[in-house]
Each structure stands twice: as C-alpha cells, then as structure tokens.
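Engineer: This is the structure I want to talk about, given as structure tokens.
Each value in this text was obtained by applying a stated rule to the coordinates, not by laboratory testing. Worth saying up front: this structure is predicted, and the values here are computed from it rather than measured. Backbone-built Cβ (ideal geometry, glycine too); neighbour counts: all protein chains shown.
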Amino acid sequence: MRFDIITLLPGLLAGPFEHSILKRAADKGLLEVELHNLRDYTTFKHKQVDDYQYGGGAGMVLMIEPVVRCLDFLKAQREYEEIIYMSPDGELLNQSLANQLSLKNNIILLCGHYKGIDQRIREHLITREISIGDYVLSGGELAAAVLVDAIGRLIPGVLNDESSALFDSFQDNLLAPPVYTRPETFNNWRVPEVLLSGDQKRIDAWRNELSLERTRLLRPALLNK
Ligand code: ADE
C-alpha cells in the first residue's frame, strides 16, 4: 500500500514512519509513504502557494494551482483510489473507516494550513475529507500521520501475529480486555488467577466478559453501534 502526502511542512512528517511497526512495514515492502512539498509545485514568484481570500478577511488561503500541479504529477504515475483532505470538517476517523481504507492500494493525503484551502479543491479534486477528532490542529500533518498509522498496521503481514489487529479495541466495537505480564505479584498486586490457570476456555470467557464490562463502563455508546 502506498501513501503520497502533500504538505508544506514535510519536516513534520519525517519522523513518524521511521520507527517500530510502520518502519518494519516499509522494510518489508508492505507500506510506502512518500512526502511531497507543495512548494516544489508552484510556478509563482518566491515559491508562493497561498494568497489573500476573495471578499476580504484574515488568513491566507492555499491556492488551487500548485495543488493541481502536484496531483497531476502523481496521477500520471499511478491510479489513486482516494484523494483525502485532512480537515476538522471531515468524516470522523474510527476503526471501521481505517479497516475500509486499509483495503486500498494508493491514497493521496492533502494537508491544509493557514485559513484553509480554496473551496474548488474540495469540490472538484478531493474524494473525501477526514477528521481525527473534534478539535482544530494547526495543520493536517499530524492528522495524516495518525491516519497512516491506524491504516498501516492493518495491512496483512504488517503485524507479527496477524490475529493481533483483530483483537484490538474497537474491532468489534468493544474495548480490549486488560493484559498482564511478569511478575505474578508486585506490591501485593496479583495477576487475575484465571490467567494463570492454563484453562484457555475460561481465559477466553474472562477476556470476553471484561471487554464487555469495560465497554459498558467506559464507552457505552459503542454498544449501540
Ligand atoms: N486539520 C486541522 N485539524 C484537523 C483535525 N482535527 N483532523 C484532521 N485534520 C485537521
């Protein structure tokens, strides 16, 4: 799977994909992330990419021309199933959307800045808009990193134990059960006896029960989905 991320701040995205699971996915050839600096696609003087908004008002707006040039450059090389604009106005990211997007091959992510981007980009060039939460970030880059992480780990073969993504919180609209490791006792805090019993049936039943209980307690809205 390949992500092409269009940004004015590629430096902000230099780190997130160079560690841990996403780095392993890249090393195995399962995930490719390419960064594209929008300033490399402008024909305006001084590498200008933004301008004042028509009708007046504070804040600069990203111009359509460099975005089109960058999209045309990418689309000439391969087909993209989605061109996603990262925006607080967008559809809220959840596990089901991450699952859906993990089935795609090529995705472009456009990160906005300033006051916003020319509305015609959103109307004519973008296939969907995604938000990572109801709060405003200073740009789309960190949101894009979150999206790539959430999707990248779902690509078959990326996680060592293939089944482990299936047991994540949210995969069945349930939170994950608690987990423990050595030592069995610390400060008199004991690992639940059932996990030491060796009885896999009882352990599975306990985990299901705790998943349900934690969801009911912490995120009851998930149970109504
Ligand atoms: N850009 C700014 N805020 C954002 C958010 N919450 N989600 C996605 N992109 C954004």
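Engineer: Multiply the residue separation of Asn160 and Glu184 by 0.36 nm, subtract the distance between their alpha-carbon atoms, and state the gained length in nm to one decimal.
Structural biologist: Numbers: separation 24, 0.36 × 24 = 8.64 nm, distance 2.57 nm.
Here the segment from Asn160 to Glu184 would lengthen by 6.1 nm.
Engineer: Please give the length that would be gained between Glu34 and Gln119 if that part of the chain were fully extended, namely 0.36 nm times their separation in residues minus their C-alpha to C-alpha distance (nm, one decimal). Before the final figure, lay out each step's value.
Structural biologist: On the way: separation 85, 0.36 × 85 = 30.60 nm, distance 2.51 nm.
Stretched fully, the Glu34-Gln119 segment lengthens by 28.1 nm.
Engineer: What nm value, rounded to one decimal, do you get for the distance between Glu18 and Lys45 when each label is placed 7 Å out toward the C-beta?
Structural biologist: About 3.7 nm separates the two model spin labels.
Engineer: Using the Kirkwood formula over every pair of different C-alpha atoms, what hydrodynamic radius in Å results for the chain? Working shown, then result.
Structural biologist: Details: mean 1/r = 0.0498 Å⁻¹.
The answer is 20.1 Å.
Engineer: Could you give the radius of gyration (one decimal) and Dmax (whole number) of the Cα atoms in the range 169-224, in Å?
Structural biologist: Cα-based Rg and Dmax for the range 169-224 come out at 13.0, 39 Å.
Engineer: On to the next question. So which of Lys115/Lys225; Lys47/Lys75; Lys23/Lys104; Lys47/Lys115 end up more than 25 Å apart, counting from Cα to Cα?
Structural biologist: Working: Lys115/Lys225 35 Å; Lys47/Lys75 22 Å; Lys23/Lys104 19 Å; Lys47/Lys115 18 Å.
Listed pairs above 25 Å: Lys115/Lys225.
Engineer: How about Lys28: which aspartates and glutamates have a C-alpha closer than 14 Å to its C-alpha, ignoring those fewer than 8 places off in the same chain?
Structural biologist: Of all the aspartates and glutamates, those that pass the test against Lys28 - Cα under 14 Å, at least 8 places apart if same chain - are Glu18.
Engineer: Follow-up question, since we're still on this one. Counting other C-beta atoms within 10 Å, which of Phe170, Phe44, Phe186 has the fewest, and how do the rest follow?
Structural biologist: Numbers: Phe170 17, Phe44 13, Phe186 10.
In order of increasing Cβ crowding within 10 Å: Phe186, Phe44, Phe170.
Engineer: Could you order peptides 122-130, 138-146 by the average number of other Cβ atoms within 10 Å of their residues, highest first? Write out the running numbers ahead of the final one.
Structural biologist: Details: 122-130: 15.1, 138-146: 20.7.
The peptides rank, most packed first, as 138-146, 122-130.
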